[in-house]
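S.K.: Pasting in a structure now, in structure tokens, and then I'll have a few things to ask.
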2 protein chains.
Amino acid sequence: MMEKWYVGVDLGGTTIKMAFISEKGNIVEKWEIPTDITNEGKNITKDIAKALQDQLQELGEKKEKLVGIGMGAPGFIEMETGFIYQAVNIGWRNYPLKESLEEETGLPVIIDNDANIAALGEMWRGAGDGAKDLLCVTLGTGVGGGIVANGEILHGTNGMAGEIGHITVLPEGGTPCNCGKTGCLETIASATGIARVAAAGIKEAPYSVLADIFQKSGELTSKDIFDAVEQGDLYAKEVVNHICFHLGLAIANLANAINPEKIVIGGGVSKAGNLLLTPLQKSFETYALPRVAEGSDFAIATLGNDAGVIGGAWLVKTKLAKKDKVIPS
Amino acid sequence: MMEKWYVGVDLGGTTIKMAFISEKGNIVEKWEIPTDITNEGKNITKDIAKALQDQLQELGEKKEKLVGIGMGAPGFIEMETGFIYQAVNIGWRNYPLKESLEEETGLPVIIDNDANIAALGEMWRGAGDGAKDLLCVTLGTGVGGGIVANGEILHGTNGMAGEIGHITVLPEGGTPCNCGKTGCLETIASATGIARVAAAGIKEAPYSVLADIFQKSGELTSKDIFDAVEQGDLYAKEVVNHICFHLGLAIANLANAINPEKIVIGGGVSKAGNLLLTPLQKSFETYALPRVAEGSDFAIATLGNDAGVIGGAWLVKTKLAKKDKVIPS
């Protein structure tokens with residue numbers, strides 16, 4: 001029998017990542033198109049349909065080669081219907097994304113949150129290594145999360161599950177967060193949070209590597225901090241230990257409740273590798289139940305920007321492919 | 001067609017609660033037998049089988065009336081095989097509970113953790129009101145928990161999911177917990193924890209209702225504290241606010257990750273009703289994301305000691321009844 005392809009689509013505010021993915025989860029072809037946010041985002045599904053058509057033609061394949069589309073989108077989504085309540089960066093409001101994309105492409109579509117499909121991608125083909133109970137923590141501009149339990153993404157009652165960036169780590173006196181609360185994990189453990197923590201205490205460490213950088217450039221990045229740790233800078237170490245105390249405690253508390261097999265750390269900050277993982281695991285092991293800690297392995301995410309499209313393909317494989325769903329084109 | 005019954009069994013250290021339960025979840029008959037922990041707990045499955053036989057005879061029914069047994073047990077359980085690694089209070093160690101009970105009764109058996117079946121019971125017929133995403137928190141001698149996501153209990157990778165009593169709420173300087181860590185939620189929000197917190201600060205409040213009780217009896221119970229709140233005692237109020245600050249924060253942080261529809265509070269402490277719920281919800285709403293808080297309702301558990309047997313029956317209904325499993329007797 002001819003092998004079929006899954007389509008993974010990962011929608012961001014500036015680009016749409018797309019891929020044809022084999023039944024085993026290998027990327028056959030991947031490409032990007034710009035996100036057109038004019039016209040309240042209403043051109044996007046047409047753009048995706050056209051890009052699919054063009055790419056098929058270039059590869060000399062027909063639409064029958066494709067099983068369906070698994071797509072990750074930002075914002076608040078009603079999972080069962082693929083209806084977007086609101087996606088601020090895109091311009092959608094009460095938008096029937098699944099319906100519109102099925103109409104434009106003639107293919108069955110399944111939609112999920114962008115952080116969730118990245119977690120599914122890592123579970124299937126990345127650092128998750130097939131673990132069915134998985135916690136994904138993305139340390140980027142913000143702190144995102146995806147929780148997989150028994151092989152299924154947790155969505156919760158109104159699609160908010162996995163919002164671990166908004167776990168309150170400083171109940172009093174914390175920094176304001178974009179969500180309207182204060183003291184969220186995101187204000188401390190995101191790339192911007194780490195830089196903020198380091199800059200806030202820089203006066204206490206005038207003879208540090210970081211103080212030199214701060215004096216010259218007027219700012220710090222999370223990369224500066226991990227680079228300084230590698231150079232043996234004590235202040236940078238102190239900052240990373242402080243971050244890892246809060247992040248490790250938050251992850252341990254969550255792990256005591258969901259008992260994951262794998263804890264995958266992704267996002268830009270995860271490029272620090274063991275400079276981050278070693279103090280993080282130490283903090284985690286202090287606060288997790290011994291049997292929970294024994295059952296959990298930490299790993300750095302391995303799929304990078306491909307996690308989303310691979311997770312989208314996983315959704316097609318597990319949610320659409322079995323149904324033999326046919327949509328008239 | 002003749003209605004069949006489910007058997008719910010809830011094993012405790014001193015008694016075994018048993019019930020015949022209708023297909024709709026109503027208790028037809030319930031009774032208890034003592035837990036025989038002699039002979040390393042090896043008489044227990046025989047005792048259960050005999051109790052079933054006796055009760056059937058008394059009701060003039062035959063074994064064919066029974067679909068199967070759903071049983072809750074304490075300790076570390078391998079869910080798929082119903083194998084007990086260790087149950088200290090019972091005496092079991094590497095004990096094939098499911099296999100032994102199937103052999104003794106000739107009925108199919110499904111085993112789960114006792115806190116988990118109580119959560120399933122509340123979901124099906126109690127305060128959970130059918131919610132498919134549910135967090136159950138039991139405030140008793142300890143703090144237990146059960147998490148239901150999409151209608152299924154979370155077990156985690158080695159059966160430890162739901163151990164929310166061991167969320168660390170005081171990372172430094174906390175009271176030692178039975179688990180070997182310090183500063184666990186259980187050391188503060190269990191019945192014993194609440195009494196301990198109140199006793200620890202009693203010298204600061206010599207003119208309180210609680211100080212009078214403490215002077216007379218040399219001890220405090222969690223009931224004393226809520227009774228004193230009802231009498232308007234300021235110190236007791238302060239203690240309850242302190243407990244609810246920590247408990248509400250821990251539940252909010254968990255809710256940001258799992259986004260439950262219902263949060264059911266059970267156990268002896270939950271008898272305090274709104275004296276507990278009102279400050280607890282206030283603390284929860286301070287730390288939960290607004291959309292998460294909107295989606296969540298708090299409720300006091302309604303099934304009391306029946307939650308376990310009803311949850312056991314739910315397991316039979318959802319996991320065994322569909323399979324038409326036949327075991328030669």
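No value in this document is a laboratory result; all are computed from the given coordinates. What you are looking at is a predicted structure, and each value in this text was computed from that prediction instead of being measured. Cβ sites come from the backbone with ideal geometry, for glycine too, and all protein chains shown count toward neighbours.
S.K.: What ranking, highest mean first, results for peptides A:37-47, B:272-282, A:249-259 when packing means the other Cβ atoms within 10 Å averaged over each residue?
M.R.: Details: A:37-47: 15.8, B:272-282: 17.5, A:249-259: 26.3.
Going by the mean number of other Cβ atoms within 10 Å, highest first, we get A:249-259, B:272-282, A:37-47.
S.K.: Between copies, how far does the label point of A:Trp31 sit from its twins, in nm, shortest first, when each point is 7 Å from Cα along Cα→Cβ?
M.R.: 7.4
S.K.: Taking the Cα centre of each part, how many Å lie between region A:1-50 and region A:89-163?
M.R.: Cα centroid of region A:1-50 versus Cα centroid of region A:89-163: 15 Å apart.
S.K.: Further question: Distances in nm, one decimal, shortest first, from A:Lys65 to the same residue in every other copy, taking the label point 7 angstrom along Cα→Cβ.
M.R.: Listed shortest first, these distances are 6.5 nm.
S.K.: Report, as an integer, the average count of C-beta atoms from other chains found within 10 Å of each Cβ along B:163-172. The partial results should precede the final answer.
M.R.: Values: counts 9, 3, 2, 8, 9, 9, 1, 0, 9, 1.
Counting other chains' Cβ atoms within 10 Å and averaging over B:163-172 gives 5.
S.K.: Taking the Cα centre of region B:130-302 as origin, work out the dipole magnitude from +1 charges on Lys and Arg Cβ and -1 charges on Asp and Glu Cβ, in debye rounded to 20. If you can, show how the numbers build up before the last one.
M.R.: On the way: 11 positive and 17 negative charges, 24 e Å.
Computed about the Cα centre, the dipole is about 120 debye.
S.K.: In nm, to one decimal, how far is the A:Lys46 label point from the B:Glu23 one, both placed 7 Å along Cα→Cβ?
M.R.: 5.4
S.K.: Peptide A:22-32: average number of partner chain Cβ atoms within 10 Å per residue?
M.R.: Details: counts 0, 0, 0, 0, 0, 0, 0, 0, 0, 0, 0.
For this peptide, the per-residue mean of nearby foreign Cβ atoms is 0.
S.K.: So for region B:83-230, averaging the separation of alpha carbon pairs under 8 Å that are six or more residues apart and normalising by length, what relative contact order in percent results? Don't jump to the answer; show the numbers that get you there.
M.R.: Working: 198 pairs, mean separation 17.4, N = 148.
With pairs under 8 Å counted, the relative contact order is 12 percent.
S.K.: Taking the label point as lying 7 angstrom from Cα along the Cα-to-Cβ axis, what are the distances from A:Lys50 to the corresponding position in the remaining copies, in ascending order and in nanometres?
M.R.: So the distances to the same position in the other copies read 8.1 nm.
S.K.: Also: Which of B:Phe284, A:Phe298 comes first, and how do the rest follow, when ranked by fewest Cβ neighbours within 10 Å?
M.R.: On the way: B:Phe284 24, A:Phe298 19.
With the fewest neighbours first, B:Phe284, A:Phe298 line up as A:Phe298, B:Phe284.
S.K.: Defining a contact as two alpha carbons under 8 Å apart and six or more residues distant in sequence, what relative contact order in percent does chain B show? Walk me through the intermediate numbers first.
M.R.: Working: 680 pairs, mean separation 70.4, N = 329.
That works out to 21 percent.
S.K.: Largest first and in whole Å, give the semi-axes of the protein assembly as shown's equivalent ellipsoid, each being the square root of 5 times a Cα gyration tensor eigenvalue.
M.R.: Semi-axes (√(5λ), whole Å): 43, 36, 22.
S.K.: Most fluctuating residue of A:Gly144, A:Gly156, A:Gly106 in a GNM of chain A with Cα springs under 10 Å: which is it?
M.R.: Evaluated over chain A, the most mobile residue of the options is A:Gly156.
S.K.: About the Cα centre of the protein assembly as shown, how large is the charge dipole given +1 on each Lys and Arg Cβ and -1 on each Asp and Glu Cβ? Please answer in debye to the nearest 20.
M.R.: Details: 58 positive and 82 negative charges, 102 e Å.
Dipole magnitude for the protein assembly as shown comes out near 480 debye.
S.K.: Let me ask you something else. Per-residue HN-Hα couplings for region B:270-278, Karplus 6.51 cos²θ - 1.76 cosθ + 1.60 at θ = phi - 60°, whole Hz, x for Gly and Pro?
M.R.: Taking θ as phi minus 60°, the curve returns 5, 4, 5, x, 5, 4, 8, 5, 4 Hz for region B:270-278.
S.K.: Now for a separate question. Please work out the ratio of the alpha-carbon Rg of region B:130-302 to 2.2 N^0.38 Å and round it to two decimals.
M.R.: Numbers: Rg = 16.1 Å, N = 173, 2.2 N^0.38 = 15.6 Å.
It is 1.03.
S.K.: Using amide H atoms built 1.01 Å from N in the peptide plane, name the residues 5+ places from B:Phe298, or on other chains, whose amide H lies under 5 Å from its own.
M.R.: Residues meeting the criterion, in which the H sits 1.01 Å from N, are B:Ile263.
S.K.: On to the next question. To make sure I understand the rule: partners must be lysines, Cα under 19 Å from the Cα of B:Lys262, and not fewer than 8 residues away in the same chain. Which ones qualify?
M.R.: Within reach: B:Lys132, B:Lys271, B:Lys282.
S.K.: Let's test this: bin the Cα-Cα distances of region B:203-329 at 10 Å from zero up to the farthest pair and state each bin's percent.
M.R.: Spelled out per bin, shortest first, that is 11, 30, 26, 18, 9, 4, 1.
S.K.: For chain A, give the magnitude of the charge dipole about the Cα centre (Cβ charges: +1 Lys/Arg, -1 Asp/Glu; no others), in debye to the nearest 20.
M.R.: Values: 29 positive and 41 negative charges, 60 e Å.
Magnitude of the dipole: close to 280 debye.
S.K.: Turning to a different aspect of this structure: Among A:123-129, A:237-243, A:56-62, how do they line up from the highest to the lowest mean number of other beta-carbon atoms within 10 Å? Display every interim value, and only then the final one.
M.R.: Numbers: A:123-129: 24.1, A:237-243: 20.4, A:56-62: 11.7.
Per-residue mean Cβ counts within 10 Å order the peptides as A:123-129, A:237-243, A:56-62.
S.K.: When we measure straight from the Cα of B:Lys216, which lysines land under 19 angstrom away, once same-chain ones fewer than 8 places off are left out?
M.R.: In chain and number order, the partners are B:Lys203.
S.K.: What FRET efficiency comes out for A:Lys65 versus A:Lys319 if R0 is 22 angstrom and r is the Cβ-Cβ distance? Round to the nearest 0.05. Before the final figure, lay out the partial values.
M.R.: Details: r = 19 Å, r/R0 = 0.87.
For A:Lys65 and A:Lys319, the calculated efficiency is 0.70.
S.K.: What is the gain in length, in nm to one decimal, between A:Glu58 and A:Thr141 on full extension, counting 0.36 nm per residue of separation less the C-alpha to C-alpha distance?
M.R.: Working: separation 83, 0.36 × 83 = 29.88 nm, distance 3.60 nm.
Length gained, A:Glu58 through A:Thr141: 26.3 nm.
S.K.: Each residue of region A:59-65 in turn: what ³J(HN,Hα) in whole Hz from Karplus with 6.51, -1.76, 1.60 and θ = phi - 60°, glycine and Pro shown as x?
M.R.: Couplings: 8, x, 10, 10, 4, 4, 5 Hz.
S.K.: Treating cross-link reach as a plain straight distance, find the lysines whose alpha-carbon is under 23 Å from the alpha-carbon of A:Lys62, omitting any fewer than eight places away in the same chain.
M.R.: Reachable lysines: A:Lys4, A:Lys17, A:Lys24, A:Lys30, A:Lys46, A:Lys50, A:Lys98, A:Lys317, A:Lys319, A:Lys322, A:Lys323, A:Lys325.
S.K.: While we're on this one: Need one value for B:288-296: mean number of C-beta atoms belonging to other chains within 10 Å of its residues' C-beta atoms.
M.R.: Numbers: counts 5, 11, 4, 8, 7, 0, 3, 5, 4.
Across the residues of B:288-296, the mean count of other-chain Cβ atoms within 10 Å is 5.
S.K.: Given a Förster distance of 56 angstrom, what is the FRET efficiency for A:Lys271 paired with B:Lys203, based on the Cβ-Cβ distance and rounded to 0.05?
M.R.: Details: r = 53 Å, r/R0 = 0.94.
That gives a FRET efficiency of 0.60.
S.K.: Which order do the peptides A:97-104, B:172-179 come out in when sorted by mean C-beta neighbours inside 10 angstrom, highest first?
M.R.: Working: A:97-104: 20.1, B:172-179: 13.5.
In decreasing order of mean packing, A:97-104, B:172-179 become A:97-104, B:172-179.
S.K.: Could you give the C-alpha radius of gyration of chain B expressed as a fraction of 2.2 N^0.38 Å, taking N as the number of residues it contains? Could the numbers behind the result be given before it?
M.R.: Working: Rg = 21.0 Å, N = 329, 2.2 N^0.38 = 19.9 Å.
For chain B, the normalised Cα radius of gyration is 1.05.
S.K.: Oh, and also: Placing +1 on the Cβ of each Lys and Arg and -1 on the Cβ of each Asp and Glu in region B:130-302, which of B:Ala288, B:Leu210, B:Gly159 has its Cα farthest towards the positive end of the resulting dipole?
M.R.: The one lying farthest along the dipole's positive direction is B:Gly159.
S.K.: Which far-off residues, 5 or more places away or on another chain, put their amide H under 5 Å from the one on B:Ile16, with H placed in the peptide plane?
M.R.: The answer is B:Ile33, B:Thr35.
S.K.: Okay, moving on. For Cα pairs less than 8 Å apart in space and 6+ apart in sequence, what is the mean separation divided by the residue count of region A:129-302, i.e. the relative contact order in percent?
M.R.: On the way: 301 pairs, mean separation 39.5, N = 174.
Normalised by residue count, the contact order of region A:129-302 is 23 percent.
S.K.: Can you list residues from other chains, or at least 5 along the same chain, whose modelled amide H is less than 5 Å from the amide H of A:Gly68?
M.R.: HN-HN under 5 Å from A:Gly68: A:Val7.
S.K.: If you plug each phi of region B:133-149 into the Karplus form 6.51 cos²θ - 1.76 cosθ + 1.60 with θ = phi - 60°, what whole-Hz ³J(HN,Hα) values come out, in order, with x for Gly and Pro?
M.R.: Once rounded to whole Hz, the list reads 10, 9, 10, 9, 10, 9, 9, x, 4, x, 10, x, x, x, 10, 10, 10.
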